[in-house]
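Beneath this line is the structure, given in structure tokens, with notes to follow.
Rule-based calculations on the coordinates, nothing more; no lab input. None of the values given here were measured: they were computed from a predicted structure. A quick note on method: Cβ atoms are made from the backbone with ideal geometry, for glycine too, and the neighbour counts reach across all protein chains shown.
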Amino acid sequence: MSVSGEKVQEVDPIPLWLFLLLCVFPQLTAAPIEPLLPLKTVGYLGYKRICKENALESPQRRKILRFVKRNPGLHFREISRRVPLTRGTLDYHMKTMESVGLLKTVSGRGRVHYFVADSSYSAEEETLITVLRNESLRRIITEIYLNQGACNEEIAEDVGLSGATVYEHLRYLKDLGVVIAERDGRCVRYTLAENYSRILTGMRIIIPNRPGARQIPPEG
């Protein structure tokens, strides 16, 4: 309304979006920058999507992939111990390569073992390689390979482990199908399954402390 004869001009109301911006903007400018960093990260990830074609643009991922190719079947903790990256960085890169199909995993006894996705290993070879990464299992398999039909007590004595420990390992190997258990009176005798024995024969690493020993796969 005009008061004392002034000229009055009607003003349009402020749009709702502008009102909200004016309310929020001062709060953002006064806030510490740390809470805003995830917004920057989200923006970056949305800008460049990682796929199989560009995943190896990262020199760190190339290095990890070469290491896994040379050392198939290692679990994450062992890779972390031998690759000079922080656990968080290594975990991120390995999960990224797995998600785009560059790495694949084989689980065993609560651990995840890594292989290059395009490797020529069969499922049985991957199983045997992951088992051989465990020192105790490796010694037991080696003993059975060299002494087919050995019983639990004989294996325990030769590998230097307790009978109870060897029994648990043998039960695990039997469940995997790596060894076959056959009862002979009061004794249970263990042999390598034919397919795994054949695979083992073609692998390369010298079995220690055995004259004329055959070859089985390297630790790395």
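Couple of notes before you dig in:
- In this simple spin-label approximation, Cys187 and Arg111 carry label points 7 Å from Cα along the Cα→Cβ vector, and these lie 3.2 nm apart.
- All other residues whose Cβ lies under 13 angstrom from that of Asp184 are scored, Lys and Arg at +1 and Asp and Glu at -1, for a net of 0.
- For a paramagnetic label modelled on Lys52 (point 7 Å from Cα along Cα→Cβ), amide N atoms under 16 Å away belong, within the range 70-112, to 96-105.
- Placing a pseudo-label 7 Å from each Cα along the Cα-to-Cβ vector at Glu98 and Arg82 gives an inter-label distance of 1.8 nm.
- Comparing Val116, Gly73, Met94 along the charge dipole axis of the range 55-120, the residue lying farthest to the positive side is Gly73, per the Cβ-charge model.
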